[in-house]
Amino acid sequence: MGRRSPGSTPAGRRSRDRVLRASLDLITEVGIDQVRLAEIARRAGMSSGQVIYYFSSKEHILLETLAWREQQETAERRSALPRATPGWPRLELFVDLYLPSNLTDSVWILWMEAWARASHSAEVSLFLDTLMRPWREDLAEIVDQGIAEGIFRPPEAGDDFPLRFCAVLDGLSVLQLRQMPDLPPGRLTELAMNSAHAELGPGH
């Protein structure tokens, strides 16, 4: 029998999660470039050697922390969306769940740190695209149901709508986080929904 991978046992998963929780806090506070493995280990109550046992580099920690949080986000989103009325209310809830909750939104900080590394690594780009697929799948389901119930108009190049609209949400999010932090609450949602109405609303 082959050696089990790090984190494959219950104790290993608990130790790995301790590292991820500590990493999430530190990356949110100072960014991955300023994080020291020794500090991650200290906050996790472990040695640096134990951290390296589970994660090969700081980039590995960053990506796995993002994947860990996205797994949680997907579970929470898929629990919340069915409780919203189909059509525009459900789409607006999706938008609100997607956009940053505040200027120190930890998941968005992780995403921007990861994007900064994607331009130099096809492997990182593919990893991040895989993390985005559940968002696009959930959006496609919302739109398809809205079309089937006569609430939405089918968008042009409909198969590409989830990709286009998530790109709009990404752009609005970065605009607020990096350029216009004083945008009023709800303004990003308003701009996003205006874009959605332009494609999905009745008539042209």
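Across the stretch 53-130, the mean sequence separation of Cα contacts (distance under 8 Å, 6 or more residues apart), normalised by length, yields a relative contact order of 29 percent. Temperature 10 °C, viscosity 1.306 mPa s: under these conditions the Stokes-Einstein estimate for the stretch 132-174, based on its Kirkwood radius over C-alpha pairs, is 147 µm² per second. Note that the chain presents 54 Å² accessible area per residue, ligands and nucleic acids not counted, probe 1.4 Å. Against the criterion of solvent-accessible heavy-atom surface with a 1.4 angstrom probe, Y53, Y98 sort, most first, into Y53, Y98. Measure off, as a whole percent, the carbon and sulfur share of the 1.4 Å-probe accessible area of the chain, all protein chains present. Solvent-exposed carbon and sulfur of the chain make up 53 percent of the total. Protection proxy ranking for 161-172, 144-155, 13-24, using the average of other Cβ atoms within 10 Å per residue and placing the highest first: 13-24, 161-172, 144-155. Specify which labelled value, from [x] 38; [y] 58; [z] 49, agrees with percent of Cα pairs over 24 Å apart derived from the coordinates of the model shown. Correct label, based on the coordinates given: [z]. Using the membrane-span-like helix rule (whole DSSP H runs, Cα extent along the own axis of at least 27 Å, mean Kyte-Doolittle hydropathy at least -1.0), which helices of the chain qualify? Helices meeting the criterion: 10-30, 122-148. The residues neighbouring A140, those whose beta-carbon lies less than 11 Å from its own, together hold a net charge of -4 under the Lys/Arg +1, Asp/Glu -1 convention.
The values are calculated or read from the model by the stated rules, or taken from the named source; none is laboratory data. As the structure is a prediction and not an experimental result, all values here were calculated from the model. Note that each Cβ is placed from the backbone with ideal geometry, even for glycine, and that neighbours are counted across all protein chains shown. Ligands, DNA and RNA are excluded from the accessible area calculation, which covers all protein heavy atoms including side chains. Shrake-Rupley method; radii C 1.70, N 1.55, O 1.52, S 1.80 Å.
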